[in-house]
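Written below as structure tokens is the structure these notes are about.
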Amino acid sequence: MAAVVSPDRVARHAVTRLSALLWDVDGTLAETELEGHLPAFNRAFASVGLPWRWDRDTYLRLLAISGGRERLAAYLIEAEGEVPAPSRLDALVAAKQAHYAALVAAGELGLRPGVARLIRQARDAGLTQAIVTTSSRRAVEALARGVLGELRHAFSFWICGEDVSAKKPHPEAYQLAHAQLARSADSVLVLEDSGNGLAAASAAALTCLVSLSQASAQEPPERFAAARAVVDSLGDRQAPLSLLRGPDCPTGQVNLAWLERLLPH
């Protein structure tokens with residue numbers, strides 16, 4: 001009787017050109033925006049006696065601005081009509097980061113479907129993986145400890161907001177990551193969820209798969225025209241993905257062999 005070979009093993013052996021995965025964090029690894037950052041901002045406002053409470057629609061609008069600090073500064077200008085003092089902004093950002101870390105530590109966030117599976121497949125296949133975000137290192141550390149767990153060791157390095165002078169959609173973060181990889185661009189694949197993230201990856205001449213999050217699913221579809229494929233998740237057996245654009249994915253799960261098909265020919 002012939003031995004049964006698992007689909008994951010087939011996927012690993014089928015990969016010949018894919019050498020590295022670059023992972024965005026917020027919305028890509030976990031549904032952090034609406035389930036983590038939004039309540040953390042509101043708790044920070046309450047903790048210092050401010051009357052503001054951002055609803056979902058307000059936060060979705062503010063997400064057009066990359067970076068929590070920048071998002072907060074823009075809102076303060078909008079609400080008060082003047083640029084906030086740096087010390088006040090620092091205090092609010094610190095309070096928000098503390099509340100976000102507490103939410104993660106309390107188990108309020110989890111990895112999106114298929115994320116853990118794909119990280120393991122890539123690790124087992126010997127691919128280099130890195131985190132590329134323009135969120136703060138403190139926020140990434142909180143998520144790594146509380147949600148990634150042992151999978152955090154699968155990432156060779158992190159590029160975070162403190163490492164760049166310009167945040168997404170500027171390509172600097174992906175340019176830095178690509179330079180550190182020292183790999184051909186046509187063997188590297190980026191996983192993103194937002195229009196800003198896709199724009200950053202595209203401007204760095206890197207192939208990008210978009211896995212829409214709760215937040216980015218509200219963006220106009222034309223924002224994702226440059227993506228090689230668009231899905232609603234990476235998919236698991238219990239929760240297969242929906243393919244919005246890209247090559248057929250008959251397993252209902254993003255695996256390494258399917259990612260290989262997205263690379264430039």
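Remarks
Here is a yes/no grid of residues against (1) more than 25 Å from ASP236 (Cβ to Cβ); (2) in a loop (DSSP other than H, G, I, E, B); (3) at pLDDT 95 or above:
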position: ASP8; (1), (2), (3): no, no, no
position: ALA11; (1), (2), (3): no, no, no
position: LEU22; (1), (2), (3): no, no, yes
position: HIS37; (1), (2), (3): no, no, yes
position: TRP54; (1), (2), (3): yes, yes, yes
position: ASP57; (1), (2), (3): yes, no, yes
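- Answer from ALA166, ALA130 - the residue that is in contact with a helix residue (DSSP H, G or I) (Cβ under 6 Å, 6 or more places away or on another chain), in contact (Cβ under 8 Å) with a residue 24 or more places away in the chain and not in a helix (DSSP H, G or I): ALA130
- Qualifying residue in region 147-164 (condition: modelled with pLDDT of 95 or more, over 22 Å from VAL254 (Cα atoms), basic (Lys, Arg) and open to solvent by 10 Å² or more (accessible area, probe 1.4 Å)): no
- Residue check, ALA182 modelled with pLDDT under 95 and either at positive phi or within 17 Å of the chain's Cα centre (by Cα) (or both): yes
- Conditions (1) touching a residue at least 60 places away in the same chain (Cβ under 8 Å); (2) assigned to a helix (DSSP H, G or I); (3) open to solvent by less than 30 Å² (accessible area, probe 1.4 Å); (4) not basic (Lys, Arg): number failed by GLU70: (3)
- Residue within region 84-94 that is touching a residue at least 40 places away in the same chain (Cβ under 8 Å) and within 17 Å of the chain's Cα centre (by Cα) present: no
- The selection criterion, being under 16 Å from THR28 (Cβ atoms), open to solvent by less than 10 Å² (accessible area, probe 1.4 Å) and hydrophobic (A, V, I, L, M, F, W, C), does not hold for ALA217.
- Test for LEU243: is it open to solvent by 10 Å² or more (accessible area, probe 1.4 Å) and within 24 Å of SER187 (Cβ to Cβ): yes
- Residue match in region 134-141 (condition: farther than 13 Å from ALA30 by Cα, open to solvent by less than 20 Å² (accessible area, probe 1.4 Å) and either aromatic (Phe, Trp, Tyr) or outside any helix (DSSP H, G or I) (or both)): yes
- Whichever residue in region 48-67 is under 19 Å from ALA139 (Cα atoms) and hydroxyl-bearing (Ser, Thr, Tyr) and, among such residues, is surrounded by the fewest Cβ atoms within 10 Å (Cβ to Cβ): TYR59
- Test: residue in region 179-193 that is in contact with a helix residue (DSSP H, G or I) (Cβ under 8 Å, 6 or more places away or on another chain) and in a loop (DSSP other than H, G, I, E, B): yes
- Within region 73-110, tally of residues that are out of contact with any Ser or Thr (no Cβ under 6 Å at 6 or more places or on another chain), open to solvent by less than 70 Å² (accessible area, probe 1.4 Å) and not in a loop (DSSP other than H, G, I, E, B): 19
The values are calculated or read from the model by the stated rules, or taken from the named source; none is laboratory data. Nothing here was measured: the structure is a model prediction, and the numbers come from that model. Backbone-built Cβ (ideal geometry, glycine too); neighbour counts: all protein chains shown. Ligands, DNA and RNA are stripped out before the accessible areas are found, and what is left, the full protein with its side chains, is counted by its heavy atoms. Shrake-Rupley method; radii C 1.70, N 1.55, O 1.52, S 1.80 Å.
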